[in-house]
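A.B. asks: One structure follows; several queries about it will come next.
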Amino acid sequence: MNLVYGLLVGVVMGALIQRVGASSPKMILAALRLEDLTIIKFMATTIAVGALVSYLMNLGMPMHFDIKPTYVIGVAVGGLIFGAGFAIGGYCPGTCVVGIAEGRKDGFVALLGGVFGALAFTLVYTLIEAPLIKPLSYGKITWADVVHLPTIVVAVVMAGALLTAVRLLPTRRTSA
Amino acid sequence: MTHPSAALPHAERPSAAPVPQWAVLGVLFGLLSAGSIALFGPIGVSGTYPRFIGASLRAVTPEYAAANPYLVKMGALLTPETTLVVGLLIGGFLSSRLFAGPKAPAADRVHARETTDSRRYVDAFIGGFLILFGARLAGGCTSGHIISGMSQLAVSSTIFAAAVFAGGIGTAKLIAAWRA
């Protein structure tokens with residue numbers, strides 16, 4: 001049944017990504033050049049609503065949360081490498097798949113590059129585990145664990161901060 | 001008449017501009033993200049790549065696949081995350097056909113140095129390589145870390161998001177400065 005849920009969530013997600021233009025490398029580069037923040041505001045709105053709704057639902061029903069572990073060096077270095085690739089290619093691991101569905105050949109090339117990138121990681125995993133993944137490892141922690149407050153309180157604060165930033169920041173840069 | 005909106009509950013100028021499309025889509029994506037956590041687990045994409053590699057290597061060279069700790073850790077291919085990636089293809093295809101809009105280019109040249117389609121494909125390949133290497137090192141990508149992870153208030157995902165935008169904005173500026 002979960003396989004069907006996954007498929008359905010993917011269909012809706014693919015349509016949302018396509019509609020907002022996140023599968024367009026031009027839109028991604030416009031965001032990273034800080035010329036058009038549409039995609040960043042879309043993501044911030046998504047995170048705010050996702051945090052509020054999932055932790056509200058959590059008050060009344062069991063949720064399948066899965067917190068990713070915090071290992072500072074690997075996560076930060078991985079993020080920097082990801083950011084560089086994001087700016088060079090203009091795709092994420094998911095947006096290139098949506099791009100392929102739209103007829104973007106460069107999306108397929110990015111996916112191919114991704115398969116080789118994941119293969120390279122698989123081959124060097126045992127070498128980089130000790131220096132990058134083992135040190136400064138704090139396990140599956142949330143900001144609620146850090147500040148010792150209920151998750152719903154932290155979710156409200158974070159959502160409020162994100163939505164305020166979304167309201168205040170201009171979507172497009174008016175002056176060159 | 002005020003405009004009913006979940007994204008802008010206290011719009012200062014209710015009669016002014018309608019709610020932008022990205023805000024509506026962002027609210028829908030947030031609901032989808034929470035719904036996914038309620039149904040089976042957080043949305044994620046990049047783990048599918050090593051699971052695909054694992055399934056391929058198990059078919060070609062089962063001894064190596066069984067001995068590689070990362071492939072063992074990532075497990076079998078048939079997971080909700082994999083069907084989600086198949087769904088992305090279907091949803092992206094349906095959406096691009098059902099809604100009006102400009103046709104997506106085969107090669108979207110985004111940098112000045114991409115003077116030919118071939119150069120664009122080189123950048124797309126390098127970019128694809130780096131995003132997957134980085135995502136697997138960090139344990140997630142835009143969907144798993146930034147969208148799902150930050151929605152779950154994960155400390156790791158906040159570090160990842162900050163690093164992605166620092167690296168992404170910095171690299172975009174470097175490429176513009178280096179234009180050949």
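A.B. asks: Just to verify a number: FRET efficiency for A:V153 and A:D66, C-beta to C-beta distance, R0 = 35 Å, to 0.05? Working shown, then result.
C.D. replies: Working: r = 21 Å, r/R0 = 0.61.
The computed FRET efficiency comes out at 0.95.
A.B. asks: I need the Debye-formula profile for chain B: one equal scatterer per C-alpha, no solvent, reported as log10 I(q)/I(0) at q = 0.10 1/Å, two decimals.
C.D. replies: Ignoring solvent entirely, the Cα scatterers give -0.59.
A.B. asks: Could you check which residue among B:G91, B:G75, B:G134 shows the biggest mean-square fluctuation in a GNM of chain B with a 10 Å Cα cutoff?
C.D. replies: Among B:G91, B:G75, B:G134, the largest GNM mean-square fluctuation belongs to B:G91.
A.B. asks: Where the centroid of each part is defined by its Cα atoms, how far is region B:27-91 from region A:35-65 in Å?
C.D. replies: Rounded to whole Å, the Cα centres lie 21 Å apart.
A.B. asks: What helices does chain A have that are whole DSSP H segments, at least 18 Å long along their own axis by Cα, and with mean Kyte-Doolittle hydropathy of -1.0 or more?
C.D. replies: For chain A, where a helix must reach 18 Å along its axis and average at least -1.0, the hits are A:2-20, A:38-57, A:72-89, A:105-128, A:151-168.
A.B. asks: Output the pairs from A:K41/B:K103; A:K41/A:K105; A:K41/A:K134; A:K68/A:K134 with a Cα-Cα distance over 22 Å in this structure; if there are none, say none.
C.D. replies: A:K41/B:K103; A:K41/A:K105; A:K41/A:K134, as the Cα separations exceed 22 Å there.
A.B. asks: Next up: Give me a single rounded figure for B:69-77: the average over its residues of other chain Cβ atoms within 10 Å of their Cβ.
C.D. replies: Mean inter-chain Cβ contacts per residue within 10 Å come to 2.
A.B. asks: Starting from the coordinates of the alpha-carbon atoms of the protein assembly as shown, obtain the Kirkwood hydrodynamic radius over all distinct pairs and give the value in Å to one decimal.
C.D. replies: 20.4
A.B. asks: Over every pair of different alpha-carbon atoms in region A:12-59, take the mean of 1/r and invert it; report that Kirkwood radius in Å.
C.D. replies: 11.8
A.B. asks: A follow-up question, please. Is there a simple number for the mean count of other chain Cβ atoms within 10 Å of the Cβ of residues in A:22-30, and what is it? Kindly include the intermediate steps, with their values, before the conclusion.
C.D. replies: Numbers: counts 4, 6, 5, 12, 4, 2, 6, 7, 2.
Mean partner shielding for this stretch: 5.
A.B. asks: Evaluate the charge dipole of chain A about its Cα centre and quote only its size in Debye, nearest 20, assuming +1 on the Cβ of each Lys and Arg and -1 on the Cβ of each Asp and Glu.
C.D. replies: Value, rounded to 20: 380 debye.
A.B. asks: Ok, one more. How long are the semi-axes of the equivalent ellipsoid of region A:20-145, taking √(5λ) for every eigenvalue λ of the Cα gyration tensor, in whole Å from largest down? List each step's numbers first, then the result.
C.D. replies: Details: eigenvalues 143, 116, 41 Å².
Equivalent ellipsoid of region A:20-145: 27, 24, 14 Å, largest first.
A.B. asks: Still on this structure, please answer the following. Given the options B:G128, A:V77, A:V49, identify the residue whose Cα lies farthest towards the positive end of the charge dipole of the protein assembly as shown (+1 on Cβ of Lys, Arg; -1 on Cβ of Asp, Glu).
C.D. replies: The listed residue farthest towards the positive side: B:G128.
Every number in this text was worked out from the coordinates using simple rules, so none of it is lab data. A quick note: this is a predicted structure, and the numbers were derived from the prediction, not measured. All Cβ positions, glycine included, derive from the backbone under ideal geometry; neighbour counts span all protein chains shown.
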